[in-house]
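The values are calculated or read from the model by the stated rules, or taken from the named source; none is laboratory data. Fair warning: this is a prediction, and the values are worked out from it, not measured in the lab. Glycine also receives a Cβ, built like all others from the backbone with ideal geometry; neighbour counts cover every protein chain displayed.
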């Protein structure tokens, strides 16, 4: 008998507020085009996205929508006492409890688009908790001062030292199956102790780049530092298109914090900056099934992007 608990093969989660509704639409379109099958759970603050009327609401439900024959989307309005970044593992666990029959559970930041076929992700989580290296901190040695700070602060949670763990992970994506779900549980456990130590959880404090705590990403890396019994499958910087090849996903991480849907291509080029991989790839996922822009708007953005590339060749800082 097929029940709601075991109906979905995969569960993808994401969290958004404000203008990130554009990014969520790009993520959803990219999952669809990659052959994803399952449910996509969208937690949000504020209003439902402007494109919600393009979806068909499922009978008997006020928060479940049909995206395609093989994909449903649910929207959860959330009121949480922390920055959404810190809430990622809680929402992921909540959806895993509601859909325990899935083969895998995933979280994507709302400024990511999927580039590979979904089958890659399904195979990836068999190897271990699927994670990607961050764009910064190429080496974070197992004996790095930050790791020792984390071991000291969470001393009661230390379960061995993994001397092969020399990477700094980006918290914008995680994928796990039942065998590797413990990482999510431990992430929450460390998060709770982090709160008890009264570190900031309502905002990211990035005023000191040498600090061991700048945001939720450090809590995830601290969680991994405290254990030697968890299994990971880590892609390098290419995993999020921070380096070549760009084949798995593209994550819009910009030093200025400007997202693809906010980018002024011409102004950016005149400042001597090149458009990012995600600036370009986001436009590939703006038309179907969700139409983020009209055809005229999308064509205009593509023309401006091409002009910006020409400017990049002749205009330098």
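Numerical summary
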{"item": "Qualifying positions in region 269-301 - over 25 Å from the mean Cα position of the chain (by Cα) and either in the same structural domain as residue 65 (by TED's automatic domain parsing) or touching a residue at least 12 places away in the same chain (Cβ under 8 Å) (or both)", "result": "269, 270, 271, 272"}
{"item": "Matching residues, region 205-241, being part of a loop (DSSP other than H, G, I, E, B) and either more than 20 Å from residue 86 (Cβ to Cβ) or modelled with pLDDT of 95 or more (or both)", "result": "210, 226, 228, 229, 230, 231, 236, 241"}
{"item": "Number of positions in region 227-243 that are in contact (Cβ under 8 Å) with a residue 60 or more places away in the chain and closer than 30 Å to residue 274 by Cα", "result": "8"}
{"item": "Some residue of region 178-201 being in a loop (DSSP other than H, G, I, E, B) and more than 25 Å from the chain's Cα centre (by Cα)", "result": "yes"}
{"item": "Unmet requirement for residue 132, which otherwise passes all of (1) surrounded by 19 or more Cβ atoms within 10 Å (Cβ to Cβ); (2) more than 25 Å from residue 94 (Cβ to Cβ)", "result": "(2)"}
{"item": "Where residue 41 falls short, out of the listed (1) touching a residue at least 24 places away in the same chain (Cβ under 8 Å); (2) surrounded by fewer than 19 Cβ atoms within 10 Å (Cβ to Cβ)", "result": "(2)"}
{"item": "Condition check for residue 63: in contact with a strand residue (DSSP E or B) (Cβ under 6 Å, 6 or more places away or on another chain) and modelled with pLDDT under 95", "result": "yes"}
{"item": "Enumerated strands (runs of 3 or more DSSP E) restricted to region 1-114, each holding at least 2 residues that are under 22 Å from residue 184 (Cβ atoms) and under 18 Å from the mean Cα position of the chain (by Cα)", "result": "10-17, 38-45, 71-77, 104-108, 112-114"}
